[in-house]
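The values are calculated or read from the model by the stated rules, or taken from the named source; none is laboratory data. Quick caveat, the model's predicted, so the values are computed rather than measured. Reconstructed Cβ throughout: ideal geometry from the backbone, glycine too, with neighbour counts over all protein chains shown. Protein only, heavy atoms only, side chains kept; ligands, DNA and RNA dropped before computing areas. Shrake-Rupley method; radii C 1.70, N 1.55, O 1.52, S 1.80 Å.
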Protein chains: 2
Amino acid sequence: MPKKVDHDERRRLIADALMKVAAEQGLEAVSLRHVAQAAGVSAGMVQHYFHTKDEMMVFALAAISERSEVRVRAAVDALGADPTPRLLLRTMIAALLPLEGPTREDGRVALAFLAYTAVRPAASAELRPSTAQFVEFIASMLPRGGAVAAAGLLALMEGLGLYLLGGQYTPAQALDALDAQLDLLFAT
Amino acid sequence: MPKKVDHDERRRLIADALMKVAAEQGLEAVSLRHVAQAAGVSAGMVQHYFHTKDEMMVFALAAISERSEVRVRAAVDALGADPTPRLLLRTMIAALLPLEGPTREDGRVALAFLAYTAVRPAASAELRPSTAQFVEFIASMLPRGGAVAAAGLLALMEGLGLYLLGGQYTPAQALDALDAQLDLLFAT
DNA sequence: CCTTTGACATTGCAGTCGTATTGCCAACAC
DNA sequence: GTGTTGGCAATACGACTGCAATGTCAAAGG
């Protein structure tokens, strides 16, 4: 066997470049050549690791949802043991919001992919169960309201993310709205 | 002067075709030729009414926000005189949600444009004040909570729209979540 | 040694894109 | 009539796209 390279590492490197391009110029600027240039590699290499552009897109889509999972896990771990349900929820949701820095870029890419998958139902079908799972988890953390209240909280989070990206809400406003919602849901 | 045609009517016809293409195949499938074909006209005619593609995009963007305004107005007018604040809000928000039929297609287009403008700050700056205005109006309808609660409700609406488009929520679930939120905000 | 195999780079191709240009035709002004 | 002008079609152009084909080089197996 010839040279040994970590396939998955290369693919991640390329996916990173893809996200950079998508965050700065939108998904429609994502082409094999642009991504290759952003990654500092040749276009041929991109083709070597992704036989087709769609393959590359799917990989990047998975990579970005993995990234946010990691972020949530890190934020939760930093809480220590046995946080209150309210604090746990707030921490998780805040970790998912595109408040600043790299999370904002990730948010832009996620938004682009959202629109991308809106016309390709096959790609979005994959993340449907994960949403349902999250709703279930949130419901188990709430003192009352059940799945309906949980779905509302999740939708509020998504909307806050959208308005943060659009610049309609400042990070402070978004967090205020989140805390106010938690006040409503956890009111004694 | 030669032939007389209604310029704005033609532009609207073309914009309708653009939205149809965008709703079915995404914004990146929107090209002069595709739009022209969808509208049943020649590509040259599209060029005649929009000197550049960007001009066409901007027009379509304005057209779609005008459409939703019309929809909201119609729904509110059907309420008759002096509805309760809660019913008024519910009606307006429900009219904006992509629950079914043509509103779903419009929602998909709006989502595509959202991602489109996310990397073109100039285009989104225009609709920022209208969001602020809406928040203000919602706040005036709420018994308490002020702008923060209003911002939360608006974000919840936006999130519901997103999940409706993605298929994660059914229309019934979305309306349940909306009503539950109104219960919280209007609780005595 | 030498052949195989995987890691890249380069090039070519058919197609689509936005746009500028050109030309034809109908309708009005004179 | 004749000329002018707007509505519209057709074409040409250069830039780009995804993808396939081809080539080069290094490392490992026999």
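Listed by chain and number, the aspartates and glutamates whose C-alpha is less than 17 Å from the C-alpha of residue B:53, apart from same-chain residues fewer than 8 away, are A:28, B:8, B:16, B:28. Taking every protein chain into account, the 1.4 Å probe leaves residue B:127 with about 60 Å² of accessible area, to the nearest ten.
Near residue B:104, once Lys and Arg are set to +1 and Asp and Glu to -1 for all other residues with Cβ below 14 Å from its Cβ, the sum equals 0. Only DSSP H runs of four or more residues enter the estimate; each adds -39500 (n - 2.57), and after division by the residues of chain A the mean residue ellipticity at 222 nm equals -24500 deg cm²/dmol. Sum up the charges of everything whose Cβ sits under 11 Å from the Cβ of residue B:113, counting Lys and Arg as +1 and Asp and Glu as -1, but leave residue B:113 out. Neighbour charge sum, excluding residue B:113 itself: +1. Sorted from shortest to longest, the distances between the residue A:12 label points of this copy and the other copies are 5.4 nm, with each point 7 Å from Cα along the line through the beta carbon. Taking a ≥ b ≥ c as the square roots of the eigenvalues of the alpha carbon gyration tensor, segment A:140-188 is oblate, as a/c is not under 1.5 and a/b does not beat b/c.
Taking the Cα centroid of segment A:125-188 and of segment B:101-148, what is the distance between the two, rounded to the nearest whole Å? So the separation of the two Cα centres works out to 18 Å.
Measuring nothing but how far apart in sequence close Cα pairs (under 8 Å, 6+ apart) lie, relative to its length, segment A:7-186 scores a relative contact order of 20 percent. Which of rounded, prolate or oblate describes the protein assembly as shown when judged by the alpha-carbon gyration tensor and an a/c cut-off of 1.5? Because a/c hits 1.5 or more and a/b fails to exceed b/c, the protein assembly as shown counts as oblate.
Protein-only accessible surface at a 1.4 angstrom probe places the residues B:7, B:51 in the order B:51, B:7, largest first. The local environment of residue B:83, defined by Cβ-Cβ distances under 12 Å, has a net charge of 0 under the rule Lys, Arg +1 and Asp, Glu -1. Measuring with a 1.4 angstrom probe and ignoring ligands and nucleic acids, residue A:111 comes out at about 10 Å² accessible. Summary for residue B:76: label point 7 Å along Cα→Cβ; distances to the equivalent points in the other copies, ascending, 4.2 nm. Each 5 Å bin from zero up to the one holding the largest Cα-Cα distance in segment A:77-188 carries the following percent of pairs: 2, 11, 20, 21, 21, 16, 7, 2, 0.
Put simply, the C-alpha atoms of chain B give a gyration tensor, and the ellipsoid matching it has half-axes of 35, 17, 16 Å, longest first. With the charge dipole of the protein assembly as shown set up from +1 on Lys and Arg Cβ and -1 on Asp and Glu Cβ about the Cα centre, the Cα lying farthest toward the positive end among the listed residues A:83, A:96, A:141 is that of A:96. Summary for residue B:123: label point 7 Å along Cα→Cβ; distances to the equivalent points in the other copies, ascending, 1.8 nm.
Rounding to the nearest 10 and keeping the result within 0 to 90°, find how far the Cα-based axis of helix A:146-166 lies from the longest principal axis of chain A. So the helix axis and the longest Cα principal axis differ by about 50 degrees.
Computed from Cα atoms, the angle from the helix A:102-118 axis to the main principal axis of chain A rounds to 80 degrees.
Charges were assigned to the Cβ only: +1 to each Lys and Arg, -1 to each Asp and Glu. The resulting dipole of segment A:64-188 about its Cα centre is roughly 200 debye.
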